[in-house]
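Q: Got a structure here, written out as structure tokens. Questions coming.
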Amino acid sequence: MIAGMLLAAVLAQSAYYTPEEAQSLFSQANDAYDREDYAEARDAYQRLIDHGFGGADVLFNLGTTYLAQGDLGAAVLYLERARRAGGLAPDVEANLAVARSKQLDQVVGGASEEPFVQRVVAATSADAIAGLFLVTWEVGLTLLILLRFARRRRTLIAVAGICLLALAIPVSLVLAAHVYVRETTSDGVVMAKTLPARELPRDTAKVSFEVHSGLKLRLLERSGNFVKVRLPNGLEGWTEQSGVVEI
């Protein structure tokens, strides 16, 4: 499915296209996709991104176009970026599932191998948690302030305010976990058709395993032209940085 609306907030960011020009190009790209002219659609979506119109819908549409072309690396990359941009969640997850089903690497494991904090982050939405924190904190605090002026139902107001503020504490911890993971972890996608992972960061080191286009990896550290990666099942190795693109 292709998104049909270009976010107005993103439109205002570009100094190269006017909003009208960007919307027109977006519509042309969608029309090209509908005609199955994927090359034209891909180029138009990419021009929008290059000119500052990289909203979730454009990223999603570009990833979907790459998926239709069979380019799993680029498809997963832009779909993951669309997911991080916070839009079109059901469609993004559906297309990522399609992309994963087509990948050569069917890595099992994953969630159980991740630290608890990262599993919590993966299971929750940053936007939803942030919104919940604001609501519980502001409403709870407002109720306690109003308690000073209330003449009736003071007990009910006090209990509701205290409960909301108490709920804000664990919600704030989950929100902090999202910030921590975003700042301290880095993921990438394999773009090369086949990419060897070595025991050490040098060309002569023994190859431990191979990964293939479209696989999402955790990026751990860099050394020269190599980056140490971790697979979803916990397997680690050193690969060439040129074969992986950070999400």
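Since every read-out is calculated from the coordinates, none of them should be taken as a lab result. Everything numeric here is computed off the predicted structure, so don't read it as measured data. Neighbour counts are summed over all protein chains in view; Cβ atoms, including those assigned to glycine, are modelled from backbone coordinates with ideal geometry.
Q: Which value at 222 nm does the chain reach when only helices count, each DSSP H run of 4 or more adding -39,500 (n - 2.57), with the total divided by all residues and rounded to the nearest 500 deg cm²/dmol? Can you show the working numbers first?
A: Values: 9 runs with 136 residues, N = 247.
Value at 222 nm, helices only: -18000 deg cm²/dmol.
Q: Scanning the chain for chymotrypsin sites (Phe, Trp or Tyr not before Pro) in DSSP loops with at most 16 other Cβ atoms within 10 Å, what's the longest stretch left with none? Show your work: numbers first, answer last.
A: Values: sites that count: Tyr16, Phe149.
Value returned for the longest uninterrupted segment is 17-148.
Q: Relative to the longest principal axis of the chain, what angle (0 to 90°, nearest 10) does the C-alpha long axis of helix 89-102 take?
A: 30
Q: Could you tell me which label, among [x] 0.92; [y] 1.27; [z] 0.97, carries the value of Cα Rg over 2.2 N^0.38 Å calculated for this structure?
A: [y]
Q: Shifting gears a bit: Non-local amide H neighbours of Ser186 (under 5 Å, H modeled in plane, Pro and chain starts lacking H): which ones?
A: Under 5 Å from the amide H of Ser186: Leu219.
Q: Amide H to amide H under 5 Å from Arg198: which residues, 5+ apart in sequence or cross-chain, H placed 1.01 Å off N in plane?
A: Those qualifying (amide H under 5 Å, at least 5 residues apart or on another chain) are Ser208, Trp238, Thr239.
Q: Rounded to the nearest 20 debye, what is the charge dipole size of region 116-184 about its Cα centre when +1 sits on each Lys and Arg Cβ and -1 on each Asp and Glu Cβ? Please report the intermediate quantities before stating the final value.
A: On the way: 7 positive and 3 negative charges, 106 e Å.
Here region 116-184 has a charge dipole of around 500 debye.
Q: Using the Karplus curve 6.51 cos²θ - 1.76 cosθ + 1.60 with θ = phi - 60°, what ³J(HN,Hα) values do you get for each residue of region 125-132, in whole Hz, with x for Gly and Pro?
A: 9, 4, 5, 5, 5, 4, x, 5
Q: From the phi angles alone, apply the Karplus equation (6.51, -1.76, 1.60; θ = phi - 60°) to region 237-245 and give each ³J(HN,Hα) in whole Hz, x where the residue is Gly or Pro.
A: x, 9, 10, 5, 4, 5, x, 10, 10
Q: For the chain, with a Gaussian network of springs between Cα atoms less than 10 Å apart, report the residue from Ala168, Ala56, Ala192 with the top mean-square fluctuation.
A: Ala168
Q: Further question on the same structure: Under 5 Å between amide hydrogens, which residues at least 5 positions from Val244 or on another chain qualify, with H placed 1.01 Å from N in the peptide plane?
A: When sequence neighbours closer than 5 places are left aside, the close amide H contacts are Met191.
Q: Continuing with the same structure: Which residue fluctuates the most in the chain, going by a Gaussian network model with Cα springs under 10 Å, if the choices are Arg151, Arg35, Arg198?
A: Sorting by GNM fluctuation, first place goes to Arg151.
Q: Please compute the Kirkwood hydrodynamic radius over region 129-209, one decimal place, Å, based on all pairs of different Cα atoms.
A: 16.8
Q: While we're on this one: Starting from the 7 Å offset along Cα-to-Cβ, what nm value, one decimal, do you get for the label separation of Val139 and Leu173?
A: The modelled label-to-label distance comes out at 2.2 nm.
Q: Output ³J(HN,Hα) for region 217-224: one whole-Hz value per residue in order, computed from phi by the Karplus curve 6.51 cos²θ - 1.76 cosθ + 1.60 with θ = phi - 60°, and x for Gly and Pro.
A: Whole-Hz 3J(HN,Hα) from phi for region 217-224: 10, 8, 8, 9, 7, 10, 8, x.
Q: Let me ask something additional. When the chain is modelled as a GNM with alpha-carbon springs shorter than 10 Å, which of Gly52, Gly140, Gly73 fluctuates the most?
A: Among Gly52, Gly140, Gly73, the largest GNM mean-square fluctuation belongs to Gly140.
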